[in-house]
Amino acid sequence: MAALRVAVAGASGRMGRMLIEAVQASGDCTLSGTLDIDCDIRASLVNAQVLIDFTRPEGTMAHLAACRDLGVKAVIGTTGFNDAQKAQIETYARSVAVMLSPNMSVGVNVMLRLLDMAARALAEGYDVEIVEAHHRHKVDAPSGTALKMGEVVANALGRKLADCAVYGREGHTGERDAKTIGFATVRGGDIVGDHTVMFCGTGERIEIAHRSASRATYAQGALRAARFLADRPHGLFDMNDVLGLA
């Protein structure tokens, strides 16, 4: 079987370098091109079957437009998209296959399933708080993964995250509203990614946590997603689809 031709965006960044190493070390994928600032996007994608993109929203949207025109599938790990950009991604997915996930880690996506189960079982009498920590260079907060965790919990509780999220507390805040989901953000050093969701009840606290020690787990998850897209002509997918958890 011919090797899957993979292009990597953000090639000079930390995640980009890790993705390139993962592609080159795999036995079934080959690096067909790289994208970076000021590159010729179409020239970098012309030989690719799948693009893996962990960059920033504006860059990813430009890359996706070229992917649609060239018939290149896309694995997107970029976070921080606004609603209009998310809607545009859905439009692109009608033409080419797109796998969109704020976190490619297999462990994180299993954690999302556990959070759904926990939230349904702990729907009454438990306050939900989400704490995330990342390196000093991360530009968005809370992390896309933390927001996804909040969405999973909110949906399981029959709520919309936009209506119940609290992203910061300072000063005299008053008593906690039992229907809110709180977020706390830490930025410092070289923390790859830590996420903890606490269900705080009377007399007990349940914590479901994931700690990333290396970006390699994200790279391997992205390659798994690229393989998943290989024989899919179009559609919008997530890691649940890739892992068979949907």
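Values as computed for the structure displayed
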quantity	calculated
Only one of 29, 39 that is in the same structural domain as residue 77 (by TED's automatic domain parsing), without any contact (Cβ under 8 Å) to a residue 24 or more places away in the chain and out of contact with any Gly (no Cβ under 6 Å at 6 or more places or on another chain)	39
Residue, surrounded by the fewest Cβ atoms within 10 Å (Cβ to Cβ), within region 84-118, restricted to residues that are more than 20 Å from residue 211 (Cβ to Cβ) and not assigned by TED's automatic domain parsing to the domain that holds residue 52	117
Qualifying residue in region 167-179 (condition: within 24 Å of residue 219 (Cα to Cα), assigned to a loop (DSSP other than H, G, I, E, B) and not assigned by TED's automatic domain parsing to the domain that holds residue 55)	no
Subset of region 26-53 that is touching a Ser or Thr at 6+ places or on another chain (Cβ under 7 Å) and among the aliphatic types (A, V, I, L, M) - its residue that is farthest from residue 1 (Cα to Cα)	35
Test: residue in region 41-51 that is of a type outside the set (A, V, I, L, M, F, W, C), modelled with pLDDT of 95 or more and outside any helix (DSSP H, G or I)	yes
Region 225-235 - residue that is touching a residue at least 24 places away in the same chain (Cβ under 8 Å), at negative phi and more than 14 Å from the chain's Cα centre (by Cα) and, of those, surrounded by the most Cβ atoms within 10 Å (Cβ to Cβ)	226
Positions within region 78-121 being of a type in the set (A, V, I, L, M, F, W, C) and in contact with an Asp or Glu (Cβ under 8 Å, 6 or more places away or on another chain), in sequence order	99, 100
Top-ranked residue of region 184-215 - restricted to ones that are among the aliphatic types (A, V, I, L, M) and surrounded by 16 or more Cβ atoms within 10 Å (Cβ to Cβ), ranked as nearest to residue 131 (Cα to Cα)	184
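Residue-wise test of (1) surrounded by 17 or more Cβ atoms within 10 Å (Cβ to Cβ); (2) not aliphatic (A, V, I, L, M).
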site: 44; (1), (2): yes, yes
site: 52; (1), (2): yes, no
site: 69; (1), (2): no, yes
site: 76; (1), (2): yes, no
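The values are calculated or read from the model by the stated rules, or taken from the named source; none is laboratory data. Note that the coordinates shown come from a computational prediction; the quantities given were computed from them, not determined experimentally. As a convention, Cβ positions derive from the backbone with ideal geometry for all residues, glycine included, and neighbour counts pool all protein chains shown.
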